[in-house]
Amino acid sequence: MNRVTNTLVRRLVDALMGRRWAQLLLAAVALVLAALGWLPNPGSNTQVQASAAAEDGASFKLTGRVVRVADGDTFTMLINGKQERIRMSSIDAPEVTKDRERPGQPMAQASRDALTRLISGKTISVQCFEQDRYERNICDVPLDDGMTANQKQVQAGMAWANMEKRGKFMRDSKLPDLEQQARGKRLGIWQEGKPVQPWVWRYQCWQKQQC
């Protein structure tokens, strides 16, 4: 019924659009049909879609069990029998040792242990924005207390607020303040005088071999 009605309306539109009085009559008919439920209400659908898209600014949600924590900002979830790698958004934790040419940073193991205590073995839902070039999902990791694991890591001095490329990767405006608080309390990475930011470490130490 809806399909036939819509077809007739479209044909009527094509025939009458050149006349002013016909346009007004057509608008009135469309309103009546919408009120009777014969035509969809595009406005309401648009509002629902916009609301869903705006929720947390995330593009998609993943739910699964944490089966491995690689370092202080990266872990693996098991989702419907498939492993998905998660890179926590807006933060950067000390690099762990990759190989002889890519040594790790101080506090890397402590950062990994801190994240392990927060999420290891748990079934969690993460809010994700995109995938990076390594096919890792870039996500916020909400916790039961209202904070994210991303925020907890920075708050405890176990990660930096990621300000690489002038904050290009920063999505959580709370993180710089949390970093300042941790720095003031000399927590974790801030126990050292001038800890090297991971994005600087990757460039100077790993690429330039100037550790």
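The values are calculated or read from the model by the stated rules, or taken from the named source; none is laboratory data. Here the structure is a predicted model, which is why all the values come from computation and not from measurement. Ideal geometry is used to build each Cβ from the backbone, glycine not excepted, and the neighbour counts take in all protein chains shown. With ligands, DNA and RNA removed, areas are computed over all heavy atoms of the protein, side chains included. Shrake-Rupley method; radii C 1.70, N 1.55, O 1.52, S 1.80 Å.
Centre-to-centre separation between the Cα atoms of region 149-211 and those of region 58-86: 22 Å. In region 158-211, a dipole from Cβ-located charges (positive for Lys and Arg, negative for Asp and Glu) runs towards its positive end, and of GLN210, ASN162, PRO195 it is GLN210 whose Cα lies farthest in that direction. Each peptide among 127-133, 151-157 gets the average number of other Cβ atoms lying within 10 Å of its residues, and from highest to lowest they stand as 151-157, 127-133.
What is the percent carbon and sulfur in the accessible area of region 57-211, measuring with a 1.4 Å probe over the protein chains and ignoring ligands? The partial results should precede the final answer.
Values: 3810 of 8650 Å².
Carbon-and-sulfur percentage of accessible area, whole number: 44.
Straight-line reach only, C-alpha to C-alpha below 27 angstrom: list the lysines that LYS122 could link to, leaving out same-chain residues fewer than 8 apart. By straight Cα distance, LYS122 reaches LYS61, LYS82, LYS98, LYS152, LYS174. Packing here is the average count of other Cβ atoms within 10 Å per residue, and on that basis the peptides 103-113, 87-97, highest first, run 87-97, 103-113. Taking a ≥ b ≥ c as the square roots of the eigenvalues of the Cα gyration tensor, region 53-110 is classed as oblate, since a/c reaches at least 1.5 and a/b does not exceed b/c.
Nearest 0.05, what FRET efficiency do GLN209 and SER59 give at R0 = 35 Å with Cβ-Cβ as r?
Details: r = 37 Å, r/R0 = 1.07.
FRET efficiency, GLN209 to SER59: 0.40.
Calculate, for ALA70 and GLN191, the FRET efficiency according to 1/(1 + (r/R0)^6) with r their C-beta to C-beta distance and R0 22 Å; round to the nearest 0.05. Let's see the in-between values first.
On the way: r = 23 Å, r/R0 = 1.05.
Working from the Cβ atoms, E equals 0.45.
Rounded, prolate or oblate, given the Cα gyration tensor of region 84-182, with a/c below 1.5 counting as rounded? Rounded, since a/c falls under 1.5. Would you work out which of PRO106, VAL96, ILE79 lies farthest towards the positive end of the dipole of region 73-114, given +1 charges on the beta-carbon of Lys and Arg and -1 on that of Asp and Glu, about the Cα centre? About the Cα centre, the residue reaching furthest to the positive side is ILE79.
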